[in-house]
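Chemist: I have a structure here, written as structure tokens, and I will follow up with some questions on it.
Read-outs: derived from the displayed coordinates by stated rules, not from any lab. Bear in mind the structure is a predicted one, so any value in this text is a computation, not a measurement. Ideal geometry is used to build each Cβ from the backbone, glycine not excepted, and the neighbour counts take in all protein chains shown.
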Amino acid sequence: MVEYLQERREGKSKANEDEDDLDDLEEEEGSLKPLKTTFELNDTLYAEAELEDTDTVYLWLGANVMLSYKLPAAIVLLKSKLEAAQTSLNNTVEDLEFLREQTTIMEVNTARVYNWDVKRRRERREKEVARLAASNKSDQERS
């Protein structure tokens, strides 16, 4: 379940990054003014930059790979990656909901088995007490 939670968190952040990149590119495509953007330098460090008018962008694909794309191709790529990230996130959310349901069902069933065992022990104890009482009564009658 921890893996699902991590995947959900990472999926949300990846979807947000793709969405931000796509918004930046779509804004840039229709205008000739410089593009202001924020980019990640480190996990916790971001920088703002103003980019001159360009028809090429560089996208970080991961695994130490960065490629240059023309704006229309980059937009298509980012849209497809965003759709894939959203699909993955939706699947992860569904899986988490299923796991929550299964956890609840397991807890209820465990409680039922425990209660059944308590009831069974109580009945055994009551039978034993009744048997001992009957045994003591018959012993007293013999004496």
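Chemist: Could you please find all residues in the range 80-103 being of a type in the set (S, T, Y) and touching a Gly at 6+ places or on another chain (Cβ under 9 Å)? Show your work before the answer.
Modeler: Quick first cut of the range 80-103, residues of a type in the set (S, T, Y) only: 80, 87-88, 92, 103.
Within the range 80-103, S88, T92 meet the criteria.
Chemist: Given the conditions (1) hydroxyl-bearing (S, T, Y); (2) surrounded by 12 or more Cβ atoms within 10 Å (Cβ to Cβ); (3) free of Cβ contacts under 8 Å to residues at least 60 places away in the same chain, which single one is not true for T92?
Modeler: The failed condition is (3).
Chemist: S80 - would you say it is hydroxyl-bearing (S, T, Y) and touching a residue at least 40 places away in the same chain (Cβ under 8 Å)? Reasoning before the result, please.
Modeler: Details: hydroxyl-bearing (S, T, Y): yes; touching a residue at least 40 places away in the same chain (Cβ under 8 Å): no.
Considered against the rule, which asks whether it is hydroxyl-bearing (S, T, Y) and touching a residue at least 40 places away in the same chain (Cβ under 8 Å), S80 comes out as no.
Chemist: Still on this model: Are any residues in the range 39-91 assigned to a helix (DSSP H, G or I) and of a type in the set (D, E, K, R), and if so, which ones?
Modeler: Across the range 39-91, the qualifying residues are K79, K81, E83.
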